[in-house]
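The values are calculated or read from the model by the stated rules, or taken from the named source; none is laboratory data. Quick caveat: nothing in here was measured; it's all calculated off a predicted structure. Every residue, glycine among them, receives a Cβ derived from its backbone with ideal geometry; neighbour counts consider all protein chains shown.
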Amino acid sequence: MKTAAVELAQRISRTIISTSKNHTKTKHHHYPWTSQIEETLHNNLNQNLTPSLVSSIIDPFLLHHHSLALGFFNWASQQPGFTHTSSTFHSILKSLSLTQNHFHSNSLLSLLKKAQSFHFPIHPSVFRSVIITHISRNNLHQAFSIFIEVVSLINEIGAPICNSLLAALSSNNNSNARKVFDEMIVKSVPFSTLGFGGFVWYVCKEGDLGKVLGLLDEVGECGSEINGSVVAVMIVNGLCFAGKVSEAMVMLSELRNRGWKPDFMAYWVVAKGFREMGNVVDEINVLKMKRKLGVAPRSGDYKEIIFELVSEKRICEAKMIGEVIVGGNFVVEDDVFNVLIESVSDVDPIGAIVFFNYVVERERFLSVSSLNRLSWNLCRVGEVDELLEVFRLLDCRNYFKDVEGYNVMLLWLCEARRVKEGYAVLQEMKKKGLNPDISSYNYVMEACCKEDLLRPARKLWDEMFASGCCGNLKTYNILIHKFSEEGQIEEAEMLFNRMLDKGVEPDRASYTFLLQGLCQEDRLEEAFELYNKSVKQDITIAGDILSSFILSLNKKGRLTAASKLLCSLSHSIGHAETHIVLLKCLADAGEIPIAIEHLRWVQDNLPTMLQDICTGLLASLSVSKCPEPILQFLQRMQGVL
């Protein structure tokens, strides 16, 4: 049974969340702190505010509502007689350490320093979260600074975090990696394959064999947390990368003598180095050593390290090991190659082609998600020819066997604006007895519209219905958007009405596109009628499209009509953001009297919204290219409100 204190904390947190939700137009669950929340708390919080109550509201009830947790923490500090304690600081630090938001990360560091200045005890889990957050965002200077600051707690912070930091610093050629390594040695923090492997690979690329042997001596014989065979591959690869192939050959014996068990992959790396140098004799010697002294690689070990490297965003190291596997044709599971294709393509799309070709040529399994990710990244960097070659190779091997498969190809061909090739795929599908579905037609139709090929788009529309495939919401929106954009408003309205007749319900995009077209053609009466339809259909949609409608009216100089529209709507539709949009337009147009009159109406009819509007206008000054009109309006506003 819940205690009275827990029930109170839960009730207050629910009030905070619901108030923010009701006064904010957002598509996510990241609700901001607003003046309405403060007003609600002042009116309804009858209990004395205590540190235990504040901390129990934040943790657990606002733990994942970071903006609300921070707003509540700051609001509490402003209340008469209230002083934060270690428990309230711990709750807010815990909440903020769970977010990736840049603003919240800055607030977290600021509060962390403040808590330390008060000599409040900070749980190591908070430092752990802060360090790992900075690592994930590649803020390595901040991560290292905090690590050094709390190095006395290194064992409480834990080996996984220390190894993650060591690997991240090493991957970025950061000299502070050595300091982390030394601290881990002094404090006897266990090394992992990720941490030590990444660090020693970084050192090996300097080509100093003595320094590498010194690291091996410091770490001692391979412990249970380090996979010696995997690290051996990283060591000899780093030496070969530095052109120290002969030293890498010596290192194979040194590793074996120290119990690190170099496997066939390590010997293959060194043999490849000699082969590229044209040193056939030493290549043969290494291959003989491989047969006599090497051990077979365990595919599970390499799968594990590649997955870990990818999860830690150490893609360069994962790619290196993957290239060794591919080059030597070593055995690993298909999902390893798919992970490599996806992760490597994010940073090096052309580099990922190596893994794609290997999978295709050896008829291994290529997942749809891997193909999608590779295609997206090739499009992103403009490598359209490589994209076409990818699909050519797959088509030659009969990879595309059903509509779903062909739709992947259609999606990315159209994304790359290769409309002709996309249309050819549609025809190929039909020849093979596969009936293109609505997504197939939508991809090509949208590509036609993006390339201003309106006539082929109409033809495709006719083809689609002739084949028995009915349009969906996306189909109608594609054409309504294009017709509205081209000023063919009658065609757009006809499609909108046909959509209604077919029982397809318009969404935000449908209304926005058509409203923009109607405003552009100065058909305002029809535009207002259409907006009223959206209100009757769904007030949420009506609220979401309102700012766009205001901007469309502004483009035609119809700001008085826009003000009247906002004043005629119910409180549940008009949000503070919409009024801010209108007032900025009025200020930019020099219509200060209309703006002041509108704000007076807000003051009389929506007084709780006034503060948020003023705050929003002030905030817009810092991002506006021309803030003077807004500033003049704010100055005039002070004298009359």
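The table that follows gives values for the structure above.
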| item | result |
| --- | --- |
| Any helices (runs of 4 or more DSSP H) falling wholly within segment 580-641 and containing at least 1 residues that are of a type outside the set (S, T, N, Q) and modelled with pLDDT under 85 | 607-621, 628-640 |
| Test result for Gly294, closer than 23 Å to Ala167 by Cβ, crowded, with 20+ Cβ neighbours inside 10 Å, touching a Phe, Trp or Tyr at 6+ places or on another chain (Cβ under 7 Å) and not aromatic (Phe, Trp, Tyr) | no |
| Some residue of segment 454-463 being of a type in the set (Phe, Trp, Tyr), within 34 Å of the chain's Cα centre (by Cα) and either closer than 13 Å to Leu426 by Cβ or part of a helix (DSSP H, G or I) (or both) | no |
| Residue that is farthest from Asp538 (Cα to Cα), among those in segment 474-499 that are surrounded by fewer than 15 Cβ atoms within 10 Å (Cβ to Cβ) and of a type outside the set (D, E, K, R) | Gly487 |
| Of all residues making up segment 329-385, the number that are within 19 Å of Ser299 (Cα to Cα) and not hydrophobic (A, V, I, L, M, F, W, C) | 9 |
| Subset of segment 322-366 (residues that are among the small types (Gly, Ala, Ser) and free of Cβ contacts under 8 Å to residues at least 60 places away in the same chain) | Gly322, Gly327, Ser343, Ser345, Gly351, Ala352 |
| Single unsatisfied condition, Asp282 versus (1) under 27 Å from Ser164 (Cβ atoms); (2) assigned to a helix (DSSP H, G or I) | (1) |
| Residue count, segment 383-398 (criterion: modelled with pLDDT under 95 and outside any helix (DSSP H, G or I)) | 2 |
| Failed criterion for Leu586 (all others in (1) more than 23 Å from Thr40 (Cα to Cα); (2) over 33 Å from the mean Cα position of the chain (by Cα); (3) surrounded by fewer than 20 Cβ atoms within 10 Å (Cβ to Cβ) hold) | (3) |
| Residue within segment 51-58 that is touching a Phe, Trp or Tyr at 6+ places or on another chain (Cβ under 9 Å), more than 25 Å from Leu606 (Cα to Cα), assigned by TED's automatic domain parsing to the domain that holds His104 and among the hydroxyl-bearing types (Ser, Thr, Tyr) present | yes |
| Hey, Arg137 free of Cβ contacts under 8 Å to residues at least 24 places away in the same chain and of a type in the set (D, E, K, R) or not | no |
| Residue in segment 255-264 that is surrounded by fewer than 19 Cβ atoms within 10 Å (Cβ to Cβ), closer than 20 Å to Glu304 by Cα and modelled with pLDDT under 95 present | yes |
| Single match in Leu617, Leu621 (criterion: over 19 Å from Leu566 (Cα atoms), touching a Leu at 6+ places or on another chain (Cβ under 9 Å) and assigned by TED's automatic domain parsing to the domain that holds Val581) | Leu621 |
| Candidates Leu287, Leu239 - the one that is buried (at least 23 other Cβ atoms within 10 Å of the Cβ) and touching a helix residue (DSSP H, G or I) at 6+ places or on another chain (Cβ under 7 Å) | Leu239 |
| Among the candidates Ser170, Ser164, Ser125, residue that is more than 16 Å from Gly195 (Cα to Cα), in contact (Cβ under 8 Å) with a residue 24 or more places away in the chain, of a type in the set (Ser, Thr, Tyr) and in contact with a helix residue (DSSP H, G or I) (Cβ under 8 Å, 6 or more places away or on another chain) | Ser125 |
| Helices (runs of 4 or more DSSP H) wholly inside segment 92-209 that include at least 1 residues being of a type outside the set (D, E, K, R) and either surrounded by fewer than 19 Cβ atoms within 10 Å (Cβ to Cβ) or at positive phi (or both) | 102-117, 124-136, 140-149, 154-157, 159-171, 176-186 |
| Given (1) farther than 28 Å from Leu413 by Cα; (2) polar (S, T, N, Q); (3) in contact with a helix residue (DSSP H, G or I) (Cβ under 6 Å, 6 or more places away or on another chain), number of the condition Ser439 does not satisfy | (1) |
| Selected residue (criterion: surrounded by the fewest Cβ atoms within 10 Å (Cβ to Cβ)) from residues of segment 535-560 that are more than 32 Å from the chain's Cα centre (by Cα) and assigned to a helix (DSSP H, G or I) | Lys536 |
